[in-house]
Amino acid sequence: MAERGRGRCPECGSAALVEDAHYAQQQLVCAACGCVLAEGLLTTTYTEEQHLREVAYSQSTGQKEELSRCMQRGIRRVQDLCKVLQLPSVFEETAVSYFQRALQHPAFHLVSLEKKELLGGCCVFVTCRQHSWPLTMGTICSLLYAKQELFASVYLSVQKELGISVPALSLADLVKTHLSSFRLFQRAEDVPAPFAEDKERMVARTLQVVELASETWLVTGRHPVPIVTAAVFLSWQSLRPAARLACTLARFCKVAGTDLPPPAHLRLKELHEILLRMASQLAWLRVFGLDKRTVVKHLGDLLQHRLVLLKNAFCLEGAEEQRVEARGEGSAGPPPPAAGAGQEEEGCPSGGKHKCDSSRRPLLPPCLIKPRKRLRTAAPSESDAALTGDEPISDSEIEQYLRGPQEIRAFRKAKAWQ
């Protein structure tokens, strides 16, 4: 029932006149006394209201007030998703408005039903990003039982067609959100005491490890969740190393009740290599002979001095090239110093400064240090190398057969005499 804005009841004088918006019963009724003012003469168009003539439903404005079943199911799906995520009511209203705009857009009229069902999740994800609410795409996909590739394609389409600007989620917010899903940091009763850890300490240490990974090119162009998972594991081990060094990454994720991303092992290996290079620059750690397991014990010291240690453990790309060129040009110069001549140089091992420089490598992204192997093309056999007449003709050879303007005129004159 919808309330009319004008007119009064002739019986009681009340202005609370209501009518059925969906034309279930074509009656105009007073809400105060129940008097039926009109029946079968309801009009909703401006041109017909003055004459009180009946209007077909397809020509009235009431048709626009009815929502399709697809729209109603989508709105309920968006509302339920917002309730599960415990989002504020403002988020829910914004997500519903985005969903209505998307479903009415011509670009989404002929898409598959599976993509239409993901529109609601994309609108909720866009709303959370715009309000700086930490929410990952993996969380939405797990709630909707959707593939991340398909969800990402629909999300990009919504962002493009509706012209919505979505800010990127910072790594700090992502770390806090990801740590909330670990049972080890929720003080659950069934978690063993050696595995439980304070969440605030874990957030602070994990943020430092993620910043280290960002400074060493381990984050650029990669999915953040495997890196954050590896950083959480290293931070968790470093806070109580005596009881946790024997625990593996797979067992840690199983006890924490979270999924183990396949690339997390590779990210953990890369972090171990960075930490070992940094530990080689500290004199009091060099004597221990650290490996990838024992270096975690000194993670706090390495993070505290990470700027200086990174500068000493790695060299700039330009400095590396200059050093190689200088070595080639100065081959005829004086002989290199003795092995013990540079022992007192800063940040160099007992082998001297020359040995230290040779062990340093440029701080480059992993894709440049270990590029993917290219498939080698097999050498042509003797039978393939033989000329068959079907070989492709090069452009330079084709140009030899093309006639210029003068050649064309001379050819026409010669042909006319034949």
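Tabulated values for the structure
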| item | result |
| --- | --- |
| Globularity index of region 82-139, i.e. its alpha-carbon radius of gyration over 2.2 N^0.38 Å | 1.14 |
| Solvent-accessible ranking of Cys70, Cys253, largest area first, probe 1.4 Å | Cys70, Cys253 |
| Taking all pairs of distinct alpha-carbon atoms in region 157-235, Kirkwood radius in angstrom | 14.2 |
| Accessible surface ranking that places the most exposed of Tyr145, Tyr401 first, with a 1.4 angstrom probe | Tyr145, Tyr401 |
| Dipole magnitude of region 256-309, debye to nearest 20 (Cβ charges: Lys/Arg +1, Asp/Glu -1, about Cα centre) | 140 |
| Rg/Rh for region 207-317, where both radii come from Cα atoms and Rh is the Kirkwood radius | 0.96 |
| Total charge dipole magnitude, region 154-274, about the Cα centre, Cβ charges on Lys, Arg, Asp, Glu only, Debye to nearest 20 | 240 |
| Environment charge at Arg187 (Cβ cut-off 14 Å; Lys +1, Arg +1, Asp -1, Glu -1) | -2 |
| List Glu197, Glu161, ordered by accessible area with a 1.4 Å probe, largest first | Glu161, Glu197 |
| In region 196-288, the chymotrypsin sites (Phe, Trp or Tyr not before Pro) that fall in loop regions by DSSP, at most 13 other Cβ within 10 Å | Phe288 |
| Under 5 Å, built H, 5+ apart or other chain: amide partners of Cys315 | Arg361, Leu363 |
| Inter-label distance, nm, simple model (7 Å from Cα along the C-beta direction), Asp259/Val111 | 2.1 |
| Placed amide H near Gln27: partners under 5 Å, 5+ positions off or other chain | Asp20, Gly40 |
| Spacing of the two label points (7 Å from each Cα toward its C-beta) at Gln304 and Ala172, in nm | 2.3 |
| Potential extension, Tyr401-Lys370 segment - 0.36 nm per residue separation minus Cα distance | 6.4 nm |
| Compactness relative to 2.2 N^0.38 Å, alpha carbon Rg of region 58-163 | 1.06 |
| Exposure of Tyr98 as accessible area (Å², to 10), given a probe of 1.4 Å and all protein chains | 30 |
| Arg76 accessible area, 1.4 Å probe, all protein chains in place, Å² to nearest 10 | 120 |
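The values are calculated or read from the model by the stated rules, or taken from the named source; none is laboratory data. Everything numeric here is computed off the predicted structure, so don't read it as measured data. Backbone-built Cβ (ideal geometry, glycine too); neighbour counts: all protein chains shown. What goes into the accessible areas is simple: the full protein's heavy atoms, side chains included, and nothing from ligands, DNA or RNA. Shrake-Rupley method; radii C 1.70, N 1.55, O 1.52, S 1.80 Å.
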